[in-house]
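One structure is given below, encoded as structure tokens.
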Amino acid sequence: MLETLVIDDLALIEHAEIEPDSGLTVISGETGSGKTVLLGALKLLLGARSDSSLIRKGATESKIQAQIDGHILRRQISAKGSSRCYIDGDLHTVKDLAATTDHLIELSGQHEHQTLLRTRTHLDLLDVDSSNYRQAYDIYQDAAKTLQEARSFAEHLAEAQAQATYIDTTIGALDPNPGQYEEQKALLPKLAAGESLLKGASLACQALSSAGDGVDDPLSTALAALSPALGADPTYDQIYQDLLDLQEGTQNVLRSLRAYQEDADFDEAALDAAQEWVFTFERLLRQFGPTPDDVFTAWQKAQDDLHNAAHVDDRLAAAEAACATAEAALREAAQTLAKQREAAAKDFCKSLQDDVGDLAMPEASFTFKITPLPFAQWTNTASCTYELLYRPSTDADFLPFAKIASGGELSRILLAIKSLGAKQKSAETLVFDEIDAGVGGRCALAIAKRLRNLARTHQVIVVSHLPQIAAAADRQYVVEKDGKSRVHEVCGDARIAELARMLSGQADPISCQHAQKMLAEYAD
């Protein structure tokens with residue numbers, strides 16, 4: 001439930017605070033006073049796109065804050081166009097904000113009348129689980145794609161087989177392994193410098209060969225000179241140990257150099273072979289690359305294509321059988337879903353007819369025009385088109401809304417549809433913007449009654465210009481404009497005066513008396 005809404009510097013509003021009733025709250029005011037700005041603020045909390053033009057002239061940013069179901073939600077719009085969203089004080093994305101308010105608040109604007117005029121939206125009115133159909137549709141689409149690929153392959157078999165043979169032969173001639181290119185390329189510098197490496201190792205061995213066990217070894221001579229006085233001075237002893245470690249290290253290096261010379265196998269033939277291999281593979285990269293993985297993928301595909309070419313008839317037959325099975329399953333799922341939707345359509349039309357009957361449309365009735373589509377035109381949502389038709393009276397024909405329904409009728413029908421949806425959905429707060437457009441008199445009273453009944457189970461907020469609806473509210477706010485918009489709650493005599501203004505344009509005694517009578521009709 002929406003507990004509070006605070007707006008700062010949004011459009012015409014400098015500051016406004018409202019605390020909607022848990023039942024029916026009405027927002028009234030003169031045309032152009034800024035009533036819909038309040039609902040615009042709610043839309044921003046529901047995740048609507050922000051715009052710096054929404055900031056009140058002279059202000060640097062707009063702030064909207066609301067308490068909804070215990071959460072504190074805030075959105076700030078800067079003059080630079082950036083937007084920040086907060087949930088319980090923590091910074092979040094607009095998507096997070098929308099997810100928090102989703103299923104908590106449902107906002108219906110006057111523009112939604114137009115959705116009734118668009119046939120493609122009518123299927124959404126039928127609440128039927130179509131998951132089995134969608135799954136069958138996806139399976140069929142995959143099977144149809146596989147069949148198309150098999151047929152295309154069979155149709156261009158000679159060309160595909162020749163291409164696959166060329167790729168398989170070209171890459172297969174080198175017969176590379178994954179990672180081999182990287183290994184060979186890394187080996188090239190070593191092979192190219194083979195002579196220099198061997199020569200350097202040989203000269204190093206010669207230079208260190210004197211550092212062995214011979215009498216001419218300077219390290220041995222130094223160790224022999226130091227050994228008689230060992231044990232007398234720790235520093236002296238450490239120097240002796242360092243020389244001993246140096247001699248051992250030198251001997252280890254010498255052994256490594258000799259092993260390197262023995263194991264090395266550097267020759268021109270090995271270098272030429274490695275260079276030729278790398279050159280050949282890089283040519284494959286230019287043809288099938290740019291990466292080694294691309295080369296191996298192309299090779300594997302060529303081998304698969306050659307396999308398929310050898311079994312093209314079997315592949316085609318399997319694809320045709322799989323597609324036929326998937327199509328049969330899809331047709332069965334479509335038939336089942338169509339029957340469920342047909343039953344749901346009848347129930348929906350009956351419920352809608354009953355609902356609008358309470359909205360001063362006693363003879364109105366509805367039916368769905370269901371038109372099966374050719375199989376090729378089926379979508380992932382339906383195998384038929386669904387159009388809701390309207391008949392205002394029993395002596396009229398069922399026709400599309402665009403051809404027969406007035407604005408007032410569309411308003412009432414939309415309210416009835418929203419009421420039906422409210423019984424099924426979990427949204428606690430329902431917000432209507434000018435839902436009463438184009439109606440008055442008895443129709444206005446009927447809408448007021450419907451809204452009040454709806455407010456028994458939901459929090460309902462309505463922007464309205466009709467006194468009949470305002471009188472039915474549990475709480476009423478008025479938006480007034482004097483250079484900037486001000487919002488305040490009206491109670492007692494102030495509310496009577498506002499209702500009188502809505503009735504006749506001024507709070508004269510007769511209008512005030514009429515307003516009192518209207519309020520009395522809804523008094524507990």
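The values are calculated or read from the model by the stated rules, or taken from the named source; none is laboratory data. This structure is a prediction, so every number in the text was calculated from the model and none was measured. In this analysis, Cβ positions are derived from the backbone assuming ideal geometry, glycine residues included, and neighbour counts consider all displayed protein chains. Remember, those area values only see protein heavy atoms, side chains included, never the ligands or the DNA or RNA. Shrake-Rupley method; radii C 1.70, N 1.55, O 1.52, S 1.80 Å.
Rg(Cα) of the stretch 343-488 divided by 2.2 N^0.38 Å?
Details: Rg = 18.1 Å, N = 146, 2.2 N^0.38 = 14.6 Å.
Rg over 2.2 N^0.38 Å, computed on Cα atoms: 1.24.
DSSP assigns beta bridges within the stretch 309-444; of those with both partners inside it, close to 100 percent run antiparallel.
Quickly rank 494-507, 290-303 as a protection proxy: mean count of other C-beta atoms within 10 Å, highest first. Present the calculation step by step, with values, prior to reporting the outcome.
Details: 494-507: 18.6, 290-303: 15.6.
So the order, starting with the most tightly packed, is 494-507, 290-303.
Annotation: the antiparallel percentage among DSSP beta bridges lying fully within the stretch 378-524 is about 60.
Tell me the Kirkwood radius of the stretch 267-393: reciprocal of the mean inverse pair distance over distinct alpha-carbon atoms, in Å. After inverting the mean inverse Cα-Cα distance, the result is 21.2 Å.
Divide, for the stretch 355-427, the radius of gyration over alpha carbons by 2.2 N^0.38 Å, where N is the residue count. Don't jump to the answer; show the numbers that get you there.
Details: Rg = 14.8 Å, N = 73, 2.2 N^0.38 = 11.2 Å.
Normalised by 2.2 N^0.38 Å, the Cα Rg of the stretch 355-427 equals 1.32.
If R0 equals 25 Å, the separation of the Cβ atoms of MET1 and GLU489 corresponds to a calculated FRET efficiency of about 0.90. Potential lengthening of the chain between LEU244 and ALA173 amounts to 19.8 nm, from the contour at 0.36 nm per residue minus the alpha-carbon distance. Projecting label points 7 angstrom from Cα along Cα→Cβ for THR297 and THR221 puts them 6.9 nm apart.
Percent of accessible area on the chain owned by carbon and sulfur, 1.4 Å probe? For the chain, the apolar C and S fraction of the accessible surface comes to 51 percent. Spin-label model, ALA376 to ASP96: label points 7 Å out along the Cα-to-beta-carbon direction sit 5.0 nm apart. The three principal axes of the C-alpha atoms in the stretch 45-132 carry coordinate ranges of 48, 29, 20 Å, sorted with the longest axis first. Placing a pseudo-label 7 Å from each Cα along the Cα-to-Cβ vector at SER53 and ARG258 gives an inter-label distance of 8.9 nm. Efficiency by 1/(1 + (r/R0)^6): what FRET value for GLN148 and SER78, r their Cβ-Cβ distance, R0 = 45 Å, to the nearest 0.05? Given R0 = 45 Å and the Cβ-Cβ separation, E is 0.30.
For GLU327 and HIS307, a Förster radius of 30 Å and the Cβ-Cβ distance give a FRET efficiency of 0.65, rounded to the nearest 0.05.
Taking each DSSP H run with n ≥ 4 as -39500 (n - 2.57) and averaging over every residue of the chain yields -18000 deg cm²/dmol at 222 nm. Counted over all Cα-Cα pairs of the stretch 70-183, pairs farther apart than 25 Å make up 68 percent. On a C-alpha basis, how far is the centre of the stretch 428-488 from the centre of the stretch 1-34 in Å? Whole number, if you could? With the stretch 428-488 and the stretch 1-34 each reduced to a Cα centre, they are spaced 12 Å. Length gained on full extension, GLU276 to GLN335, computed as 0.36 nm times the residue gap minus the Cα-Cα distance: 14.8 nm.
Please work out the average accessible area per residue across the chain, using the 1.4 Å probe convention, and give it in Å². Please list the in-between numbers first.
Working: 28040 Å² over 524 residues.
Here the per-residue accessible area is 54 Å².
Taking 25 Å as the straight-line reach from the Cα of LYS185, the lysines in range (excluding those fewer than 8 positions away in the same chain) are LYS199. The alpha carbon convex hull volume per residue for the stretch 469-524 rounds to 76 Å³.
Going 7 Å from the Cα of ASN132 along its beta-carbon direction, which residues of the stretch 378-405 have the amide nitrogen within less than 11 Å of the resulting point? It comes to no residues whatsoever.
Given 0.36 nm per residue, what is the gain on full extension from ALA204 to THR235 after removing their alpha carbon distance, in nm?
Numbers: separation 31, 0.36 × 31 = 11.16 nm, distance 3.23 nm.
Value of the extension gain: 7.9 nm.
Shown here is the pair-distance distribution of the stretch 234-333: with all Cα-Cα distances grouped in 5 Å bins from zero up to the longest one, the shares run 2, 9, 7, 7, 7, 7, 8, 7, 7, 6, 5, 5, 5, 4, 3, 3, 3, 2, 1, 0 percent. Sorted largest first, the spans of the alpha carbon positions of the chain along the three principal axes are 133, 81, 38 Å.
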